[in-house]
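Before any comments, here is the structure.
The values are calculated or read from the model by the stated rules, or taken from the named source; none is laboratory data. Computed from a prediction, not measured in an experiment: that's the story for all the values here. Because the Cβ atoms are built from the backbone with ideal geometry, glycine has one as well, and the counts that use them run over all protein chains shown.
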Ligand code: CA
C-alpha cells in the first residue's frame, strides 16, 4: 500500500483547520494540525510532512516569517508550502511567493481547489524516475546519466533543455501548451513568461541538430509536440 502523504496544517482557526483536515483525510492524506508557529516548529522537528498548508495571519510569528525560515533551513527547504490567507491582492501574493511559498490560495477557497493545488505541488516535487531511459524514434534520453543521443551520437544539452526534452519525450505525440510546459518543466518559478518556453525550445532544437530538432513541432496556436514522425528534411537542390 502506498504511504499517505502527510500534510501539516498551520492554522489558528480550529473550524478552518478541522474542515481542511476532514477533507484531506477523506482524500487519502494524513493531516496534522498546528495552531501556532511554536507548535508548527515542534511538528516539523518531529516529522517532515510532504506538504505544508500555512496560514498567513497567525498569533506570534506570521506565516510569511515561518515560510522564510523553513526555506532557509536545509532540512525543510524542499517541502512544498501553500500559503492560506484572506489576503488576495497582487502585492501580498508576490510577498508570499518571494518568501518561498510554492503556491497561494486565498480564503475563502473551495476544498476541491485546495486538494487540486496540493496534488499539483506534490506532482511538481515528485522526483523524476531514476534510471529510466526514454526512447522516441532514434532519440534516446537517460535520466540517470543525463545523456541524450540521436542515432547513437551524444548531444550536449543545458539543464533546462534536458528537463524540457525529458518532459516532451515522456509525453510524446501530445501537444503541450506553453503554460503547461511552464508548470511541468519550470514548476515553481511561476513568474516566468511564456516567451521563455519559446527561447528554450529554440535552444533545444539547436542542441538536437537539424534532423532531431525537427522532431519538436510547433503546433500553431496550441504549443509544442515531440513526435517520432519526423518530417523529411527539405531537399537541397
Ligand atoms: Ca489566521
Would you say residue 74 is within 24 Å of residue 110 (Cβ to Cβ) and more than 16 Å from the ligand (Cβ to nearest atom)? no
All conditions in (1) free of Cβ contacts under 8 Å to residues at least 60 places away in the same chain; (2) surrounded by 12 or more Cβ atoms within 10 Å (Cβ to Cβ) are true of residue 72 except (2)
Collect the residues in the range 77-87 that are within 16 Å of the ligand (Cβ to nearest atom) and either modelled with pLDDT of 85 or more or not assigned by TED's automatic domain parsing to the domain that holds residue 43 (or both), keeping them in residue-number order. 81, 82, 83, 84
Residues of the range 41-67 satisfying the condition of being under 20 Å from residue 122 (Cα atoms), more than 12 Å from the ligand (Cβ to nearest atom) and out of contact with any helix residue (DSSP H, G or I) (no Cβ under 6 Å at 6 or more places or on another chain): 43, 44, 47, 48, 49, 50, 52, 67
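Identify all residues within the range 153-180 that are in a loop (DSSP other than H, G, I, E, B) and at negative phi; write none if there are none. Walk me through it before giving the result.
Let us first name the residues in the range 153-180 that are in a loop (DSSP other than H, G, I, E, B), namely 156-158, 171-175, 177.
Result: 156, 157, 158, 171, 172, 174, 175, 177.
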Extreme residue, farthest from residue 58 (Cα to Cα), among residues of the range 4-39 that are within 16 Å of the ligand (Cβ to nearest atom) and free of Cβ contacts under 8 Å to residues at least 24 places away in the same chain: 21
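Would you call residue 90 surrounded by fewer than 17 Cβ atoms within 10 Å (Cβ to Cβ) and within 16 Å of the ligand (Cβ to nearest atom)? Before you say what the answer is, go through the steps one by one.
Numbers: surrounded by fewer than 17 Cβ atoms within 10 Å (Cβ to Cβ): yes; within 16 Å of the ligand (Cβ to nearest atom): no.
So residue 90 does not fit the description; no.
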